[in-house]
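The structure appears below as structure tokens.
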Amino acid sequence: MKRERVILVFLAALVLAACGTTSSSGGGGNAYAGKTIKLGAILSITGAGGVYGPQSRDGMKLAVDQINKSGGVNGAMIDLTVNDDASLKAQSAQLAQTMIQQDQDLALLGPTLSNSAVGVHPLAESLKTPILAVSTTGIHIVPDCNYPDETPCKYVFRDSLGEQTAIPDNIMAYAQDAHPKTGVLLVAQDDKFSSDGGTIVQKTVDQYGIQLLKVIKFSKTEADLSPYVTQAVQLKPDVIFITSLGAIPAKIMTEARNEGWTGQFLGGNGFNTATVSKQAGAAGKGARSASAWYIGNTFASNADFVNAYRAAYSKDPDQFAAQGYTGIKIIADAAKRANLTFTDLAGDRDKLRAALETVNIDTPLGPFQFTSTHDVKQTVWIIQMDGAGGFTLVHEIKPS
Amino acid sequence: MDFILQLVTDPVAFYQTHTLLIAEIGINSILASSMFVVLYSGQLSLAAPGFMAIGAYTSVLMGNYWNTPFALNLLVGILLAGVVGVVVGLPVLRLRGVFLAIATIGFIEALSLGVILNVPITGEGLGLKNPDADPLGGINIVLASLAVIVFLLWRLTQGRLGHAWDAIRQDELAALSQGIPVARYKMIAFVLSAMLAGYAGGLESHLNFFVDPTEYGVARTVQVLTFAVLGGSGNVLGPVVGALFLTTLPEIVRVPNFDYRDVIAGAILILVIIFRPQGIVGRGGLAIIRPRWWPKSRSSASAPG
Amino acid sequence: MGQQVLNAIFIGSIYALFAVGYTLVFGVLDILNLAHSAVFMLGAAITYSLVVNYHQSFAVACVLGIASCAVMGLVIEYICLRPLRRRRAPPIAALISTIGLALIIVAAVEQGRQGSIFSWLWVDGANSVSFPSGTVPNPTWHVGGLTLEATKVAIVPVTVALMLVLGYFIRFTQFGRGLRAVAENPRAASLMGLDVDRMITLTVVLSSALGGAAGILFGLAISDISPYIGRDNLEIRGLAVIVLGGMGSIPGAVAGGYLLGAIEVLALVVFGSNVRAGVAFAALFLMLVLRPQGLFGAQVHERL
């Protein structure tokens, strides 16, 4: 009799244990059941940054829905609030303060633009709140986030491949393919993103024996760039480097081709959206850049991501959607392992920060881990515009 | 919408968690006051952002290179803005109405596009880093100085200088014939406005880790003009009210998942100006640009707008 | 160098076309219509949407695009300008109401995405697009080392033609005479039986239609259509042009446009690219200080 009771109790315990383990993504316990993980995202939905913000938002929301539907993070639901900073630095910083101090979000994502990040990241650092950049690729985002002493920032992370890696990889790949000798750099001097990219180009070209004939600076708001393109084309370079984003790359490429130039365009992250490829049309054919993501990549979770995105939004995802999606996945994974208390916000934020440093998961960007400086280490895709609004893959550069 | 709820239910917590917003309101109010001075004296000067830039860059550069205390940097910035104000003011002050406006636009664009972007020490397109910034602590200085400035300007408008400005605004020739040294008083207003703008610029740079060269162009000047006109520039408080209203407007219409804030903001602008053309705190006519057919302004002691 | 001269001529034409609408309203109303750049953009955006989303031919799309801008002119007059005139508002108030309308127009296009309430107008959000190649025949000729692109070349005769038509209109038609009367002295004009309000409405409508046409040409020649064309540099360049040419003078706007284009390209070639924009404004500043009436404007006299 006693033995049977013991067995019964033992079986009952097993059943209870099994019930407790719901099929949450990645499995693992019900420790946070009934709680909410509050996250906040500062994105540019209106204004010039509105070219990227909505995709980041869509990617994030998809991830949140998927995670919540399959049991949440250890049973806790994610509550994501997305706020628009109108591409304005001041609003971005104000939102950061409000979301950290008033809404008491556990962690933040964003902001979309590098210009805004310069103000927001140091603020998050001083208020000891983890913040994950999902689209900023300029210099000085990590590890030194411009906070007073320029020591590595502890709370700032980034999942968006930086231009410091992307641009040199792109130049290296082309140099190995075609051995260009000369180049001209066109840079928008009043745009931080473009200026950063320009600086990187200037530092890199010597390594590959490319002589920079001229650096042509212009203002990003100029309506007509023809005079600058004319100057560039008249020098007859092998390569024209374009580090701008928005409408500028397509305008330059169209004008250069019209003036009869047949060389190679090399760009930065600004090339990596379908709209730029579409706007450039035939003139952009063959223009190369390094991308953090490629729709046809064969990483484990990519196909699911692409299909789910298409089902939810009736359009293809892009690099920004992939990075936003990955951002949520990263934070969810860290939250799962962080032993959150949900009663001590400051303590929880610090635990989340520590857990972020050890993230190691599969994402549409590939197997993802942060470097020791909270930066991204991943495969780089060298892509080129196909002249018809899309891209084709040229090279795959694995992380060293 | 939760913005208002929180303000009403827990003002102390609201203040503590919105210091950046309140500081921005304060700085915008100082800028609006700078605009007030020139508008009150009948000059449609749009030069404020240019002087802001001078104040901001001077103060940050001094702090970065010479490690001088913030108060000194600010002071030098203000004085430099004043000096440039004199230099710019001399040729342009004889221009009237819209011509003055466009000349001052020329000044700020030439300054930001021509000078700032091409002089290496300003960091050109990359802007300047300001490691001494204190975003959360700066609010006290901002609010305190705003109060002082508004009080001083009010006293000024009550005194002889203020009455002279009023007269100049209404009818320059008549003022001249009354013995008012029009040119000199206009210059005083212009330089005072420049110094106020320089001060606002220096303060603003103290709240940000980064001085951005693109902040000092036409978009900024349109914004500041809107503060002053929407608030009403017949009265010292008008532009401050305008700044308060317009700076908080994006937050008031912030609704989750609603991306049409600017549409609402534009509609509100139109409605406010149509129903209160003299401004929210209107008083008296504002005959800055007087094409032949607008009705002559009535005396300034007319019914509130 | 020759190519740069061509560049100057083309950009000058665009400045001229844009500025004419500005100067028309300023000449008659003494108001700077700051919604003009938004209407310029709207012309390009609507035409693009009609061609790409509604599959209309380019000719039909142009006509409809310009017509929509004319309608927007009505909106400007009835919503932004007339109520202020009725309430005897200070003229500076019209700056604010037109700024408000510009804000609405740009935001509406910017938020035009699939699924938004403005998707009937525009679906590309904040992105920049260009007319699909083949929308208009656009051969490129290479003559003596110079590149001549059909769409850019076409701007010059189109601009000139529009100016001639406008000039004829103003000098020889009844409406034109009425316009000039109102510009000269509105009180007298109304005493003589002219319906001043109607004249003003027609002026704003005409100016907006011209702005829309300029936007379409811009989109074609520069291959750039987005919610932000017009707002960025073109708006202040437009101001610079009408100052250089003389406020209220149509031939002045045209001359001013080419003058500004020339100054900018000259600055680029002589001083290097960085200072191009700064030099343009320095030139503006100088003109205002030395000769405020611009090239063709009337003497700026005291208005009592």
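Cβ-Cβ contacts under 9 Å between residues 6 or more apart (or on different chains), taken from a first residue in segment A:47-65 that is touching a residue at least 60 places away in the same chain (Cβ under 8 Å) and surrounded by 23 or more Cβ atoms within 10 Å (Cβ to Cβ) to a second residue that is charged (D, E, K, R) and in a helix (DSSP H, G or I), are listed as A:A63/A:K329. Going by what's in this entry, would C:G248 be described as under 14 Å from the mean Cα position of the chain (by Cα), at pLDDT below 80, surrounded by 21 or more Cβ atoms within 10 Å (Cβ to Cβ) and within 30 Å of B:V87 (Cα to Cα)? Yes; evaluated as a whole, the condition is true for this residue.
Counting only strands (runs of 3 or more DSSP E) that fall entirely inside segment A:304-400 and contain at least 1 residues that are more than 30 Å from A:I100 (Cα to Cα), the qualifying elements are A:366-370, A:380-385, A:391-397. If you go through segment B:96-118 and keep only what is more than 7 Å from chain C (Cβ to nearest Cβ) and under 12 Å from C:A240 (Cα atoms), you end up with B:A101, B:T104.
To keep it simple, each residue is scored yes or no on (1) farther than 29 Å from C:I216 by Cα; (2) more than 7 Å from every other protein chain (Cβ to nearest Cβ); (3) in contact with a strand residue (DSSP E or B) (Cβ under 8 Å, 6 or more places away or on another chain); (4) of a type outside the set (D, E).
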site	(1), (2), (3), (4)
A:Q189	no, no, yes, yes
A:F193	yes, yes, no, yes
A:D196	yes, yes, no, no
A:V205	yes, yes, yes, yes
A:Y208	yes, yes, no, yes
A:S219	no, no, yes, yes
A:S226	no, no, no, yes
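Based on this model, can you work out whether C:S13 counts as under 17 Å from the mean Cα position of the chain (by Cα), more than 12 Å from chain B (Cβ to nearest Cβ) and assigned to a helix (DSSP H, G or I)?
So C:S13 fits the description; yes.
The requirement of being of a type in the set (A, V, I, L, M), within 14 Å of another protein chain (Cβ to nearest Cβ) and out of contact with any His (no Cβ under 9 Å at 6 or more places or on another chain) is fulfilled nowhere in segment A:168-181; no residue meets it.
All of (1) under 30 Å from B:G97 (Cβ atoms); (2) over 23 Å from the mean Cα position of the chain (by Cα) hold for C:A94 with one exception: (2).
Among the residues of segment B:66-86, which ones are of a type outside the set (A, V, I, L, M) and under 11 Å from B:G202 (Cβ atoms)?
Residues satisfying the conditions are B:F70, B:N73, B:G77.
Results for (1) β-branched (V, I, T); (2) part of a loop (DSSP other than H, G, I, E, B); (3) modelled with pLDDT under 90, shown as yes or no for each residue.
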| residue | (1), (2), (3) |
| --- | --- |
| B:Y185 | no, no, no |
| B:I188 | yes, no, no |
| B:V191 | yes, no, no |
| B:M195 | no, no, no |
| B:T214 | yes, no, yes |
| B:V229 | yes, no, yes |
| B:G242 | no, no, no |
| B:R254 | no, yes, yes |
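The C-beta contact set for segment C:71-94 (first residue surrounded by fewer than 19 Cβ atoms within 10 Å (Cβ to Cβ), second residue among the aromatic types (F, W, Y) and not in a helix (DSSP H, G or I), distance under 8 angstrom, 6+ apart or interchain) comprises C:R88/B:W294. Filtering segment C:106-116 to residues that are under 22 Å from C:G230 (Cβ atoms), part of a loop (DSSP other than H, G, I, E, B) and facing another protein chain (nearest Cβ under 8 Å) leaves C:Q111, C:R113, C:S116.
Scanning segment B:117-132 for residues that are in contact with a Gly (Cβ under 9 Å, 6 or more places away or on another chain) and either surrounded by 21 or more Cβ atoms within 10 Å (Cβ to Cβ) or touching a residue at least 40 places away in the same chain (Cβ under 8 Å) (or both) yields a count of 6. Per the conditions (1) away from chain C (no Cβ under 14 Å); (2) closer than 21 Å to B:G198 by Cβ, the sole criterion not satisfied by B:G137 is (2). Of the residues A:D65, A:D79, A:D85, the single one that is more than 13 Å from every other protein chain (Cβ to nearest Cβ) and either of a type in the set (D, E) or more than 30 Å from A:A346 (Cβ to Cβ) (or both) is A:D65.
Annotation for segment C:93-105: no member residue is of a type outside the set (A, V, I, L, M) and part of a loop (DSSP other than H, G, I, E, B).
Listed by position, the helices (runs of 4 or more DSSP H) enclosed by segment C:117-224 that each have at least 2 residues that are modelled with pLDDT under 85 and over 30 Å from A:R257 (Cα atoms) are C:150-172, C:174-184, C:186-191.
In summary, A:A90 fulfils each of the numbered conditions (1) more than 9 Å from every other protein chain (Cβ to nearest Cβ); (2) of a type in the set (A, V, I, L, M, F, W, C); (3) touching a helix residue (DSSP H, G or I) at 6+ places or on another chain (Cβ under 9 Å) with the single exception of condition (1).
Of all residues in segment B:37-76, those satisfying the criterion of being over 16 Å from the mean Cα position of the chain (by Cα) and in contact (Cβ under 8 Å) with a residue 40 or more places away in the chain are B:Y57, B:T58, B:S59, B:V60, B:L61, B:G63, B:N64, B:F70, B:N73, B:L74. With respect to being touching a Ser or Thr at 6+ places or on another chain (Cβ under 6 Å), more than 10 Å from chain B (Cβ to nearest Cβ) and under 30 Å from C:R187 (Cβ atoms), C:G27 falls outside the description. Considered as a group, the residues in segment B:208-244 that are more than 14 Å from the chain's Cα centre (by Cα) and away from chain A (no Cβ under 14 Å) include one that is farthest from C:A94 (Cα to Cα), and that residue is B:N235. So in segment A:267-291, with the set limited to residues that are within 19 Å of A:I397 (Cβ to Cβ) and modelled with pLDDT of 90 or more, which one is nearest to the chain's Cα centre (by Cα)? Looking at the filtered set, the residue picked out is A:S291.
The single residue among B:G238, B:G232, B:G282, B:G242 that is at positive phi and touching a residue at least 40 places away in the same chain (Cβ under 8 Å) turns out to be B:G232. Among the candidates A:I242, A:I248, A:I216, the residue that is surrounded by 21 or more Cβ atoms within 10 Å (Cβ to Cβ) and either touching a Pro at 6+ places or on another chain (Cβ under 6 Å) or more than 30 Å from C:G257 (Cβ to Cβ) (or both) is uniquely A:I242. Return yes when A:L340 is over 23 Å from the mean Cα position of the chain (by Cα) and touching a residue at least 40 places away in the same chain (Cβ under 8 Å) and no when it is not. Yes, satisfied. The one condition from (1) more than 17 Å from C:T47 (Cα to Cα); (2) outside any helix (DSSP H, G or I); (3) aromatic (F, W, Y) that C:Y78 does not meet is (2).
The values are calculated or read from the model by the stated rules, or taken from the named source; none is laboratory data. Predicted model only: the values in this text are computed from it and were never measured. Ideal geometry is used to build each Cβ from the backbone, glycine not excepted, and the neighbour counts take in all protein chains shown.
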